[in-house]
Amino acid sequence: MSPLLAQAGPLLAQQAGEEPMTRAQLLADDPLWLILLKAVVILLIGPILTIFLIVWERKAVGRMQNRPGPNRVGPGGYLQSLADAIKLPFKEQVIPDTADRKVYFLAPVLSAVPALIALAAIPFGPEVSIFGERTVLQLVDLPVGVLVILACSSIGVYGIVLAGWSSGSPYPLLGGLRSAAQVISYEIAMGLSIVAVILYSGSLSTGAIVDAQQGGWYFYLLIPSFVIYLISMVGETNRAPFDLPEAESELVGGFHTEYSSMKFAMFFLAEYVNMVIVSAFATTLFLGGWKFPFVAADNVLNTGWWPVLWFFAKTFLLLFGFIWLRGTLPRYRYDQFMKLGWKVLVPANLVWIMVIATVRALQNSGGFSTSKGLIIGGVVLVVIVLLALLLPEKEVRDTDAVPVTGSDYPLPPLDLSVPETTPRRKALRAKARTSKKQPEAVSAAGKDGTDGVL
């Protein structure tokens, strides 16, 4: 018997109803037309949600600021984003003379394409039937799906850094460097927050993590990891109050200052698609994925196409959090931002991972309650974080510093002596003395205009 027939035998037996097929087996059995259909739909999710999110954000922030927001294009102004999407490709393309053209053209593509690919590993729903073909609402279910999504969301920073460098302008370069430091800092915190989920579920597959949350969602079982992930995903996507690579008050427009037309639109697309990715990823890891709360797995609410609605409802709830933060919080200072990432989130995550590992080890050995262990670990973690925030930092005295008053205005030293003259005044006086000593030039002509000859 050939290897292909040997592998097809168990699949045919499972299709005959002997035992249910797993998600990976159902995906492996998809025909080519179904794979292409899923790929097209997943690629369209990002741009369609981007058009919706932009106008939703402008409307929501306008409501928070007591103004109407977009209200001219379409009914209620809801077609404004569509008009912008049509307008941007036809705008004039301006390329700086100092730009490295190859890298300048590559950077937007490198930023947008990985963002569109990451949604392939997200499970949107359970097993369904599409045109009579049994499948699951997911393109690929990899054993390391979590790492694939993290990698795709991280590659986008290369596009930002290259965009800042290739523009040949100082402000975009500073924005690109800021983004590199920001993503490195908060990518570590985000990755560590996912470690607790992996330890608890025992898998790196996104589908297996959703199935493991049938007994309880991880957002309350692993609440420190959930909170740290929420903070990290805002920093990872360069959104307010962590939008330091695009700080208009400091860097004009940040890394995309020198971009226009469709290239600028691709950066805009990448930002909003990354928001969708991290929100969908948070839904998968902590909010039960496509599952409806408080019902069994075989309930009608968790079968068919209903779970797609629950999945996107949770995702939109997290996306509204991005909008809410932008409309309420001011931008962080850069030193405050880095301090939060390195001195609070990363140490707290490491302590929490040790607690989770200890609880799982004791649980596997028997005679230990998971809920009690997590409560104790959470209390210990909160105490450690509070101590880290309350302890005063070591002050380094600057001997050359100018003393300041209570209102932060510099004061001159008390023994200040005002000079009697300045170098400029000395130079002017010396010039005046020199001009006085020189004799006046006498011309050969007489005072009456004659040549002096009688």
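Tabulated data
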| quantity | calculated |
| --- | --- |
| Orientation-averaged projected area, Cα convex hull of the range 88-130 (nm²) | 5.5 |
| Spin-label model distance (nm) - residue 380 vs residue 129, 7 Å beyond Cα toward Cβ | 5.3 |
| Net charge of neighbours whose Cβ lies under 11 Å from the Cβ of residue 178, counting Lys and Arg as +1 and Asp and Glu as -1 | -3 |
| Lys/Arg +1, Asp/Glu -1 at C-beta; the range 37-189 dipole; positive extreme among 140, 188, 78 | 78 |
| Total charge dipole magnitude, the range 178-263, about the Cα centre, Cβ charges on Lys, Arg, Asp, Glu only, Debye to nearest 20 | 200 |
| Surface per residue (accessible, 1.4 Å probe) for the range 126-226, Å² | 38 |
| Overall form of the range 117-218 per C-alpha gyration tensor (a/c, 1.5; a/b vs b/c) | oblate |
| Cα gyration tensor shape for the range 39-136, rounded if a/c is under 1.5, else prolate or oblate | oblate |
| Whole-angstrom gap from the range 309-358 to the range 33-107, using each part's C-alpha centre | 25 |
| Simple label model, 7 Å out from Cα along Cβ direction - residue 350 to residue 78, nm | 5.0 |
| The range 25-125 - percent of accessible surface contributed by carbon and sulfur, probe 1.4 Å | 67 |
| Portion, in percent, of the accessible area of the range 279-336 that falls on carbon or sulfur, probe 1.4 Å | 72 |
| Portion, in percent, of the accessible area of the range 144-262 that falls on carbon or sulfur, probe 1.4 Å | 74 |
| Cα gyration tensor category, rounded, prolate or oblate, for the range 277-372 with a/c compared to 1.5 | oblate |
| Among the listed pairs 87/263; 38/59; 38/263; 59/91; 38/102, those beyond 22 Å (Cα-Cα) | 38/59; 38/263; 59/91; 38/102 |
| Peptides ranked, highest mean first, by Cβ atoms within 10 Å: ranges 80-93, 336-349, 193-206, 160-173 | 160-173, 193-206, 336-349, 80-93 |
| Segment residue 40-residue 387, length gained on full extension (0.36 nm per residue, minus Cα span) | 119.9 nm |
| Residue order for 33, 217, 352 - accessible surface, 1.4 angstrom probe, largest first | 33, 217, 352 |
| Cα-centred dipole magnitude for the range 7-166, charges only on beta-carbon of K, R (+1) and D, E (-1), debye, nearest 20 | 940 |
| Backbone N within the range 235-263 under 20 Å of label point (7 Å from residue 113 Cα along the Cβ vector) | 260, 262-263 |
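The values are calculated or read from the model by the stated rules, or taken from the named source; none is laboratory data. These figures come from a predicted structure and were not determined experimentally. No Cβ is skipped: glycine too gets one built from the backbone with ideal geometry, and neighbour counts run over all protein chains shown. Areas reflect the complete protein model, heavy atoms only, side chains present, ligands, DNA and RNA absent. Shrake-Rupley method; radii C 1.70, N 1.55, O 1.52, S 1.80 Å.
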